[in-house]
1. Tell me the helices (runs of 4 or more DSSP H) entirely within region 13-103 that contain at least 3 residues that are modelled with pLDDT under 60.
2. Can you say whether residue 133 is assigned to a loop (DSSP other than H, G, I, E, B) and surrounded by 15 or more Cβ atoms within 10 Å (Cβ to Cβ), as far as the supplied structure shows?
3. Give the number of residues within region 216-243 that are within 21 Å of residue 165 (Cβ to Cβ) and part of a helix (DSSP H, G or I).
4. If residue 201 meets every condition in (1) within 25 Å of the chain's Cα centre (by Cα); (2) modelled with pLDDT of 85 or more apart from one, which number is that one?
5. Restricting the search to region 136-170, which residues are within 19 Å of residue 96 (Cα to Cα) and in a loop (DSSP other than H, G, I, E, B)?
6. Would you point out the residue of region 104-124, among those that are assigned to a helix (DSSP H, G or I), loosely packed, with under 15 Cβ neighbours inside 10 Å and out of contact with any helix residue (DSSP H, G or I) (no Cβ under 8 Å at 6 or more places or on another chain), that is modelled with the lowest pLDDT?
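The values are calculated or read from the model by the stated rules, or taken from the named source; none is laboratory data. Because the structure is predicted, anything quoted here is derived from the model rather than measured. Every residue, glycine among them, receives a Cβ derived from its backbone with ideal geometry; neighbour counts consider all protein chains shown.
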């Protein structure tokens, strides 16, 4: 039934808002509005369908009416959503996979600050300590960012993958710089061997950071696998760049970006085109 499907989605949204409603007035208002919509839908479910409503279902009882179609169109994007997905994945590439953790840190800090202000003004914080507030805020915002990244690959796999490659390629994160000496004109000059040594150190260091940043499951096996793959693609990119462009290149950045986007976009891209093929049959 259409209203049953809608209520299932509403119930999920209410659950997501529940943890924020205790301190976020906007979330509380959204939750209350959804609860009212939930009750209205429940009452409609008890009434018989009209002929026009009945026609909005296929032979298997699946809803195919305008509401679902409109929601699918919104989920698939539009220009604004494509731009948002591109920005999210560019940030993920630039940060070497740490943008979701960065947003989580901001969210955790904000919740902890709100908790502290409420305590200072004598308001009830339901026994939540500052540490608990930070942890809950961090997890909520981090998971939200991860979900947006995953949804981006489903909505716009090509844009998301390309943005992540570009972001990784232009990332300013370079832990090691080549040693140098000041020349006669005051310019810092580095020997080729120092440039090559710094680049290989950056290849390994950013491979470790990148592999850890893209690991969502906190297990030793996942960290080892992702870090190993990231270092491997960095090394391959550096070797390939050395071969084609000499020692003064940063091809390993493209290597790690391509690895990140390939790992994440291939499953979503496959599912996208498979669904498209089934819809056309």
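1. Passing ranges, in order: 51-54, 66-76.
2. The answer is no for residue 133.
3. Number satisfying all stated conditions: 19.
4. (1)
5. Passing the criteria: only 170.
6. Per the criteria, the residue is 120.
Table: residues versus (1) surrounded by 14 or more Cβ atoms within 10 Å (Cβ to Cβ); (2) at pLDDT 85 or above; (3) under 27 Å from residue 83 (Cα atoms).
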residue	(1), (2), (3)
153	yes, no, yes
159	yes, yes, yes
173	yes, yes, yes
186	no, no, no
189	no, no, no
212	yes, yes, yes
216	yes, no, yes
